[in-house]
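Below is one structure, written out as structure tokens, with a few remarks after it.
The values are calculated or read from the model by the stated rules, or taken from the named source; none is laboratory data. Just so you know, these numbers come straight off a predicted model, no measurement behind them. Methodologically, a virtual Cβ is constructed for each residue, glycine included, from the backbone with ideal geometry; neighbour enumeration extends over all protein chains shown. The protein model used for the area step is the full one, side chains on, heavy atoms only, and it has no ligands, DNA or RNA in it. Shrake-Rupley method; radii C 1.70, N 1.55, O 1.52, S 1.80 Å.
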Amino acid sequence: MASPGSQEFRSSLAPPSSQTPGVSPVSPVPLGLQVPLESPQSDSLKKESSSWIAEAELKSRRQTIRFSLRPKSSRRLSQRSFNAFNELAKLGDPDLLEMVEQEGLTAREIDYAFQQSETLGSKETSFLIPEDLQSPPEKRFNLFLRRRLMFQRSEHSKDSVFFRDGIRQIDFVLSYVEDVKKDGELKAERRREFEQNLRKTGLDLETEDKLNSEDGKTYFVKIHAPWEVLVTYAEVLGIKMPIKLSDIPRPKYPPLSYMLGAVKLPSSVKYPSPEYFTAQFSRHRQELFLIEDEATFFPSSTRNRIVYYILSRCPFGVEEGKKKIGIERLLNSNTYLSAYPLHDGQYWKPSKTARPNERYNLCKNWARFSYFYKEQPFHLIRNYFGEKIGIYFVFLGYYTEMLLFAALVGLACFIYGLLSMENNRTSTEICDPDIGGQMIMCPLCDEVCDYWRLNTTCLHSKFSHLFDNESTVFFALFMGIWVTLFLEFWKQRQARLEYEWDLVDFEEEQQQLQLRPEFEAMCKHKKMNPVTKEMEPHMPLCHRIPWYFVSGTTVTFGMALLLSSMVSILVYRLSVFATFASFMESEATLQSVKSFFTPQLATALSGSCLNCIVILILNFFYEKISAWITKMGKFVGYPGSYTYMFNIWRSEECGPAGCLIELTTQLTIIMIGKQIFGNIHEAFQPLIFNWWRRRRARTHSEKLYSRWEQDHDLQIYGHRGLFYEYLETVIQFGFATLFVASFPLAPLFALMNNIMGIRVDAWKLTTQYRRPVAAKAHSIGVWQDILFGMAIVSVATNAFIVSFTSDIIPRLVYFYAYSTNSTEPLSGYVNNSLSVFLIADFPNHTVPMEKKDFVTCRYRDYRYPPDHEDKYSHNMQFWHVLAAKMTFIIVMEHVVFLFKFLLAWLIPDVPKDVVEKIKREKLMTIKIIHDFELNKLKENLDVEYGNIMKNVLVDEDNSLKAKTIV
């Protein structure tokens, strides 16, 4: 705050700021229009924009009142001036630096003085004032002024997102280090040519010398897009801007929304700006748009999108007969180290100026873990990061909300299994010493495994009932309908979002027609576009075949790697099963836990952990196939004729209570393990890397260096950053739908992961990553098609899980067809589900080493006993059960698909109120533009009519004068 002593002297207007050295005001040439740098079209554009430059320069001049200490014709500072400066420095006037510059020191001289002082390594310097202006009486001035100027400069460089003049906003930053190797000159020439072409397009550039950087070796090129560049490329890109306040009311909360007041954000945060009617920007209709301030008319996300569009299409020379284009090539060749837009400011404190710090607002209202229960500020996200990132968080938030219903139903099914676990008839018979204790089971492996009694799996059978009960069928049907509702309501949410974010007329295909500059430079052939009737770059099929071959080979190799990994896991499970069984049988200390920690469970746990590690390494498709391979039904055979893998390893068997508990165990370990690893990796990886980069730069606090250096030391989000976020979400969606019949708690774990994951992603984007370049998108793209495909497949997978992995269908067949007990229909089911095998029929290489005094043993299957003429063949009950399983699959699929198609037909893709609002906005936009053009036409006609009448009056006057003379 300025002191009173400094304010009372200010009485004259400050002179206008001078043009920054090295930046010439050249009118822009839109690269998207593909106009040559020297052409009649470019000349016309330059002439057309010359008026804009003069107008922008006049508006950009800061009109402030300052105290003048010298006559304006003088360039020398008097002793009186120094004394006045001395007093102002003592009072701590914050505007002293600007006053000194206006009074006799240009920005170039001050920068030179600071460079000299940094070169000498001194905090105080006598070069602040040129030698011809120094005199002994003014030495005391240095004591206060030098330090004050240094302080002002550090304050400016720490928080500022502007050029040195404090007026032009930094829209993009390039960084590079001088290369002393043999290609250093080539890189320097590329940079010189690239920056020269950027200036030709109209961009302003300002370079920070390496002496001003923290590490002392990095140059930073700051880029500003002037008004004439913004309006030109806003028209090229078809950006919509406001033309009138909207009279359409915002959607109201439902009647019971007051109950959810705790999760709602304040209105000023949820809707940071009013709604407007918008139209595609046109530089010829600037009066139509609501331009209050040219500096803030285009949001920062739009500005950096425009600048990146120019950077990606700006040429930097011709090498080896090929035209080199785009910043991406320069980054890949290390000509530039990085290219990024700046964050608005520091995320831990608000802005000190009138300009809002949107980064701080996002961090305060979105990236806080204590706000995990709050809704997200989607409009703030969209304004800061762009529509493409914004729509991802809208989808993630909507998916999380829908998971709440699935999680509650799944939790209810789990609680039902927990409450009915003790009264389960199957577990009761297995645990009964008179039933399960009297049943001798066949060995689980060859030779080393011994016979065992059924009641040793008592606890295992109870745990199986938690997930394998009557509610399993209901939950599988419910999830089939839930998936349909989720996707149909997402279509509506997406349509509403398109309207709210002005994406109704946005065609992503139109954006894709703007070819990547790298591809355009690589193509030597051209082909006529049948739609636009223009010649466009084209790559013939003969040139694409090698790329297809490389891609196909890569995919084939990846699939082979997948299969080999899965076969290795299967071999591991089969080989260690016998080891676990013999070890647990011989180890006395494990007898107490043998009742629930069975060899099957031990094998499943270790195999699942190994599978989880493989899945974390492999890709998305690898994961789906690996999960399918390890979770399908098992083909075991029967005693004396077991199934072997490679004639070496015997297939492992399910427990007497069924195979579902093993599938549940694998899903639990893989899903939870992957989520925990993913959250830890996402949270700590950028944190550790940023700490290391600051440590290497000899800086341990962001408070010590400039805004562009702070962002330079952050992690790069990259073009594929959002791809991995979508990938993670879709994989989780697969866990929550494809195998949900065997794991009803999957939606609950997915819900908890997403609640924390949203805040982790928000924290990363606002504090640990550079600001991504804004991009537009009107939907989640191809991911929506993947979700629809997974929804259809999930119906089949859950039907097969219930039929072949769960024990519910065999129990129902026994209940209705084979039970003879009318009071307790499931009584005797365990005995009915176990077949009898004669021990004497064991082959010599499979019989246990220890001899026993019993003759038969039991195994799980539906086969004839040894005394039957078709012994060990499948009996009639096996075929009844199989027919019931296939019938259940067909009935469940048809019922769920019927509901899916019915709901898809009943629920419109676009809500009725959104359709009406879109029509209303289109009508109002057309009316506003029509009225604007009509008024403009009237004004032109009035001017022309006035000119005509003026000419008529002049002619009449001349004729009267002629008559008078005659």
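Annotation for the stretch 481-497 versus the stretch 891-962: alpha-carbon center distance of 31 Å.
Relative to its Kirkwood radius, the Cα radius of gyration of the stretch 284-370 gives an Rg/Rh of 1.13.
The residues packed around Lys264, meaning those with a beta-carbon under 9 Å from its beta-carbon, carry a net charge of +1 if Lys and Arg are +1 and Asp and Glu are -1. For the stretch 182-256, the equivalent ellipsoid derived from the Cα gyration tensor has semi-axes of 43, 20, 11 Å, listed largest first. Excluding ligands, DNA and RNA, the accessible surface per residue across the stretch 360-452 is 39 Å² with a 1.4 Å probe.
List the equivalent ellipsoid semi-axes of the stretch 349-494 in whole Å, largest first, each obtained as the square root of 5λ for an eigenvalue λ of the Cα gyration tensor.
54, 19, 14
Dividing the radius of gyration of the alpha carbons in the stretch 379-444 by their Kirkwood radius gives 1.49 for Rg/Rh. When the listed pairs Lys388/Lys919; Lys388/Lys527; Lys200/Lys240; Lys322/Lys776; Lys388/Lys917; Lys200/Lys324 are checked against a 20 Å cut-off, the alpha-carbon distance exceeds it for Lys388/Lys919; Lys388/Lys527; Lys200/Lys240; Lys322/Lys776; Lys388/Lys917.
The residues of the stretch 251-321 expose, per residue, 54 Å² of accessible area to a 1.4 Å probe.
Sites listed here are trypsin sites (Lys or Arg not before Pro) in the stretch 745-781 whose DSSP assignment is loop and whose Cβ has at most 15 other Cβ atoms within 10 Å, and the list is empty.
Summing charges over neighbours of Phe815, with a neighbour being any other residue whose Cβ is under 14 Å away from its Cβ, gives -1 when K and R count +1 and D and E count -1.
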